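The values are calculated or read from the model by the stated rules, or taken from the named source; none is laboratory data. Quick caveat, the model's predicted, so the values are computed rather than measured. Because the Cβ atoms are built from the backbone with ideal geometry, glycine has one as well, and the counts that use them run over all protein chains shown.
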Amino acid sequence: MFEAKIRELHVEEAASMAAIEQSAHQHPWSLTLIEQTLRQSGHFAYGAFLHDALIGYYVFQVIHDEGHLLNLCVSPTYQGRGYGTLLMSHFVQQAKLCELRSLLLEVRASNQAAIHLYRKFGFEVVGQRPNYYPTADGRETALLMTCALVSEAGYNSRLC
């Protein structure tokens, strides 16, 4: 894995994000949805760059003391090389800087690679959202995963 630089993304980079979405997902976020999300208060996006080219990103929303990971996407060309782990590590660090107490995400029940990644960061399945994601054949269940960053004793040391 080459050293990627991570920085905050802005609406001007939505087209690059949408291009990665289109290449990585059968049911991608649209350019309009990405632009709307980036303009909303409390929403943040960070991207991983190699040689000034965006190769992956994540988007999260802050709700009170909770961080909701809305999307994490790595270009198929760069998948399996540790960039998803790099982005997740950055997300957890940002959450701690924001003094968030917990993290939440939804993931396709069939996306075993993502589930494995999230478990490495201390996420646990706490529920399901039936018929949450569109598929070619209908709808798919989402697993609801959470991770407590703060316990009674302070920040959870299991995380990065």
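For the stretch 21-53, which residues satisfy the criterion of being under 24 Å from A95 (Cα atoms) and assigned to a helix (DSSP H, G or I)?
Filtering the stretch 21-53 for residues under 24 Å from A95 (Cα atoms) gives 21, 29, 33-50.
The answer is E21, L33, I34, E35, Q36, T37, L38, R39.
Of the residues making up the stretch 21-68, those that are β-branched (V, I, T), surrounded by fewer than 13 Cβ atoms within 10 Å (Cβ to Cβ) and either in contact with a Leu (Cβ under 7 Å, 6 or more places away or on another chain) or in contact (Cβ under 8 Å) with a residue 12 or more places away in the chain (or both) number 1.
When you check L86 against the structure, is it assigned to a helix (DSSP H, G or I) and either under 23 Å from T141 (Cα atoms) or of a type outside the set (K, R) (or both), yes or no? Break it down into steps so the answer makes sense when it comes.
Values: assigned to a helix (DSSP H, G or I): yes; either under 23 Å from T141 (Cα atoms) or of a type outside the set (K, R) (or both): yes.
Yes; evaluated as a whole, the condition is true for this residue.
Out of all the residues in the stretch 8-20, which are surrounded by 13 or more Cβ atoms within 10 Å (Cβ to Cβ) and not in a helix (DSSP H, G or I)? Across the stretch 8-20, the qualifying residue is only L9. When K96 is tested against (1) in contact with a Leu (Cβ under 8 Å, 6 or more places away or on another chain); (2) at pLDDT 95 or above; (3) assigned to a helix (DSSP H, G or I), just one condition goes unmet, and that condition is (2).
Against the definition (touching a residue at least 24 places away in the same chain (Cβ under 8 Å), surrounded by 13 or more Cβ atoms within 10 Å (Cβ to Cβ), in contact with a strand residue (DSSP E or B) (Cβ under 7 Å, 6 or more places away or on another chain) and within 24 Å of H27 (Cα to Cα)), how does T141 come out, yes or no?
Numbers: touching a residue at least 24 places away in the same chain (Cβ under 8 Å): yes; surrounded by 13 or more Cβ atoms within 10 Å (Cβ to Cβ): yes; in contact with a strand residue (DSSP E or B) (Cβ under 7 Å, 6 or more places away or on another chain): yes; within 24 Å of H27 (Cα to Cα): yes.
Yes: the conditions hold for T141.
Would you confirm whether any residue within the stretch 113-127 is of a type outside the set (D, E), at pLDDT 95 or above, in a strand (DSSP E or B) and surrounded by 11 or more Cβ atoms within 10 Å (Cβ to Cβ)? Yes, there is a match, as at least one residue in the stretch 113-127 is of a type outside the set (D, E), at pLDDT 95 or above, in a strand (DSSP E or B) and surrounded by 11 or more Cβ atoms within 10 Å (Cβ to Cβ).
Within the stretch 69-87, restricting attention to residues that are within 15 Å of the chain's Cα centre (by Cα) and of a type in the set (V, I, T), the residue that is surrounded by the most Cβ atoms within 10 Å (Cβ to Cβ) is V74.
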